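Working notes, structure below.
Every read-out reported here was derived from the displayed coordinates using simple, explicitly stated rules and does not represent laboratory data. It should be emphasised that the depicted structure is a prediction, and the values quoted were computed from it without experimental measurement. Counting neighbours? That spans all protein chains shown, and the Cβs are built from the backbone with ideal geometry, glycine included.
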Amino acid sequence: MSRILVTGSADGLGRAAADALLAAGHDVVVHARNQERAAGLDPLVGRGARLVVGDFTERDAVRRVAAELDDSEPLDAVIHNAGVWSGRAVMPVNIVAPYLLTALLRGPRRLVYLSSGSHFGGRPSLDGVDWRGERAGSYSDSKLFVTALAAAVARLRPDVLSNAVDPGWVPTKMGGPGAPDDLEQGHRTQEWLASSDEPQALVSGGYWYHRERQQPHRAVHDEAFQDRLLDALAEETGTVL
């Protein structure tokens, strides 16, 4: 049994992953951005999940959630699932929050970051990026950044298994009802990487789609780009990875 945090687990892929991990006997920590959405997690909490609440558009809330988790039983894994498709929250939620949680949480030896096929359209440039969300951010850029973060963590923390997962374009609230990919397949890879002892899952630095390792955007494994990204996020947040 592993203790696993699933961020953004009030609905969609995060809810499905948390539900499946609970059913498999794991100790799951679920997350919602506010108390209203947290109420929808009552069925999972009733089955034994622990709940944390924090709006990841706010850095202080991310820090508070990290401190709360660091004061409790150590986590074995984190699935960085929380994400938004458009608007001012894109950079704060999709890259700044997972960066801060990675820097602040003690103990997890498995980290899974939700990427997207849209990351191939991202620009490997940090010029003019609005990390604070004062204007709408680029979803593609944010997913390129978080995929590069996963690769950087794999390089810099050899004792941690760090991977990125493209769940596909699935019919969630974000993906829309007409999305063509399989919702069930959309959450299985991250669960597998977070909890399985199969040799194929005990790897690091991968970019995955439906339990198959894929080649990401060429910038993802560019160490100079990774370092520039980490330096920019450290300067922006005042927190070094």
Checklist entry - With labels modelled as points extended 7 Å from the Cα through the Cβ direction, what inter-label distance (nm, one decimal) is found for Leu202 paired with Arg47? => result 2.8 nm
Checklist entry - For the chain, what is the calculated [θ] at 222 nm in deg cm²/dmol (nearest 500), taking -39500 (n - 2.57) for each run of four or more DSSP H residues and dividing by its residue count? => result -11000 deg cm²/dmol
Checklist entry - Label points 7 Å out from Cα along the Cβ direction at Glu36 and Ser72: separation in nm? => result 2.4 nm
Checklist entry - How big is the charge dipole of region 19-168 about its Cα centre, in debye rounded to the nearest 20, if each Lys and Arg gets +1 on its Cβ and each Asp and Glu gets -1 on its Cβ? => result 300 debye
Checklist outcome for this item: Highest GNM mean-square fluctuation among Leu193, Leu100, Leu111, for the chain with Cα springs under 10 Å, belongs to Leu100
Checklist entry - For the chain, list the DSSP H helices whose alpha carbon atoms reach 18 Å or more along the long axis and whose average Kyte-Doolittle value is 0.0 or above? => result 139-156
Checklist outcome for this item: Taking a crude spin-label model, label points 7 Å out from Cα along the C-beta direction, the Arg213 to Ala61 distance in nm is 3.7 nm
Checklist entry - Excluding Ser72 itself, what net charge comes from residues whose Cβ is under 14 Å from its Cβ, given Lys and Arg +1 and Asp and Glu -1? => result -2
